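This report concerns only the one structure given below.
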Amino acid sequence: MTTPKIVLCIPGQWKDRTDIVTSIAEKSGGWLFAGAVLMEVATGQHYRLEIYDHDPNLKHAFAMANYSRRDLSEEDFRAIESHSFALYLIGDGGSFAAARKTMEAACALLKSGGTAIKVESAGLSHSAANWETLAKAESDAALYYAFVALVADESSVYSCGMHLLGLPDAGVATTPHATDLPELLKTFLLYQLVERPTLLAGQTFSVDREAPRYYLAFEECSKYDADDLFLNPYGMWRLTEIV
């Protein structure tokens, strides 16, 4: 099984590429950048870091990825629009520990002049303040809010990003009488993250005793190509309402 990659986009207003290197050395709190590698001096933990010039479409990309959180302000969008460079932080995901450490590395880049975060491998964006708050949180639930997006299409609601934490995603079909499916999926995914239950196909799940019950079925993730950053190699749970 291929280890999922966490890819984060971090725009900023640096004067030039030398300024990026200097800012990281002076402001990150213990990280250095050289030869496309970002490294934490104390631990040797390292990530690939790629630099891209100004992208006129980046503001739109952040806006499209902010639909489910809506924590980016007009000031944030102005800063994103006026970025001089965008840094792309790339590392292995697939576990809680890997995700948390990548969040720390991204915080170092925010301290060094980054203005916001876009999780390229899940399709959601964050303000710098929100990302730093989530990174400081000690709960596993914070990982959900950092890395998992809920997406709706014409026939279903499904998640993207649980693979970055080493867990299956989940989806549920829309029906004429179904209500608040995003809340259902969020509750189910947080249950996976926080309680870490042993889930089996054929089991049932509900938000509470009075809520509709759903059968669980496990399936491979088939929504994306094999090389797509969104692909979940751990599969996904399909929730089907019991009627």
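When the residues of region 135-155 are filtered to those that are closer than 21 Å to residue 212 by Cβ and touching a helix residue (DSSP H, G or I) at 6+ places or on another chain (Cβ under 9 Å), the one that is surrounded by the most Cβ atoms within 10 Å (Cβ to Cβ) is 150. Of the residues making up region 1-20, just one is basic (Lys, Arg) and either under 14 Å from residue 106 (Cβ atoms) or assigned to a strand (DSSP E or B) (or both), namely 5.
Can you say whether residue 189 is in contact (Cβ under 8 Å) with a residue 40 or more places away in the chain and assigned to a loop (DSSP other than H, G, I, E, B), as far as the supplied structure shows? In short, no.
When residue 70 is tested against (1) surrounded by 14 or more Cβ atoms within 10 Å (Cβ to Cβ); (2) under 18 Å from the mean Cα position of the chain (by Cα); (3) not in a helix (DSSP H, G or I), only condition (1) is not met. Please work out if residue 158 is touching a Gly at 6+ places or on another chain (Cβ under 6 Å) and either surrounded by fewer than 21 Cβ atoms within 10 Å (Cβ to Cβ) or in a strand (DSSP E or B) (or both). The answer is yes for residue 158.
Provide a single number: the residues in region 211-240 that are touching a Cys at 6+ places or on another chain (Cβ under 6 Å) and assigned to a strand (DSSP E or B). Looking only at that region, the number is 1. Residues that are in contact with a Phe, Trp or Tyr (Cβ under 9 Å, 6 or more places away or on another chain) and either touching a residue at least 24 places away in the same chain (Cβ under 8 Å) or over 23 Å from residue 146 (Cβ atoms) (or both) within region 23-44 comprise 23, 24, 25, 37, 38, 40, 41, listed in sequence order.
Each value in this text was obtained by applying a stated rule to the coordinates, not by laboratory testing. Everything numeric here is computed off the predicted structure, so don't read it as measured data. Because the Cβ atoms are built from the backbone with ideal geometry, glycine has one as well, and the counts that use them run over all protein chains shown.
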